[in-house]
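For reference, the structure is listed below as structure tokens.
The values are calculated or read from the model by the stated rules, or taken from the named source; none is laboratory data. Computed from a predicted model, the values in this text were never measured in an experiment. Counting neighbours? That spans all protein chains shown, and the Cβs are built from the backbone with ideal geometry, glycine included.
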Amino acid sequence: MTDSEILSRLPERLKQARRAQGLSLEAVEKLSGVSRSMVSQIERGESNPTVATLLNLTRALNVDFAGLLGEDVAEDRVEILHEHQTPALDRAGDGCKIRILSPPQDTGKLEVYELIFSEGGKLDSKPHESGTREQLIAEEGRLEVTSGVAKGVIDKGETARYAADVPHCIEALNGPARAILMVVNF
């Protein structure tokens, strides 16, 4: 599919996504920060939005960016993300690399991360929203978890569940470590 074919689908797909949510142009403006007139122009095919504008709109409409621009999405598809396509944050000073595994539309509900620690690496976190809990599954190495004043140590294959609405920290003990972190907001 060519770029022009993809862009020709955008106006109608955007309008469908907005209407499926039952949102007015004004509501989309408030949610996305994109002016009502710009949203209307995009929906009529009179304006080609920037990538930043599209990202703001897809977040506001809670739709998948690729699905909005690409082929019709079948309900029984399998989405594959290769390692280089998975967003990652290197926290150089802390010795912890964070790979973001969950889709952007799940942010604030269920977030899934892969944590890769160098020896002595740690991830210090400030309190999240009230009621937030985390589950940490050790895939390699040994990890110490601190949640408020409570502490626990897990090894490969073990899971720690703890409150994340208090200061909390995950630290690699005795060498490098790798874990899967799930953040759940109720």
Could you identify the single residue in Val183, Val166, Val145 that is assigned to a loop (DSSP other than H, G, I, E, B), touching a residue at least 24 places away in the same chain (Cβ under 8 Å) and surrounded by 16 or more Cβ atoms within 10 Å (Cβ to Cβ)? Val166
Please go through the stretch 171-182 and give me each residue that is in contact with a Gly (Cβ under 9 Å, 6 or more places away or on another chain) and within 19 Å of Leu101 (Cα to Cα), ordered by number. Ala177, Arg178, Ala179
Sort through Thr58, Thr53 and tell me the only one that's surrounded by 15 or more Cβ atoms within 10 Å (Cβ to Cβ), at pLDDT 75 or above, assigned to a helix (DSSP H, G or I) and more than 17 Å from the chain's Cα centre (by Cα). Thr53
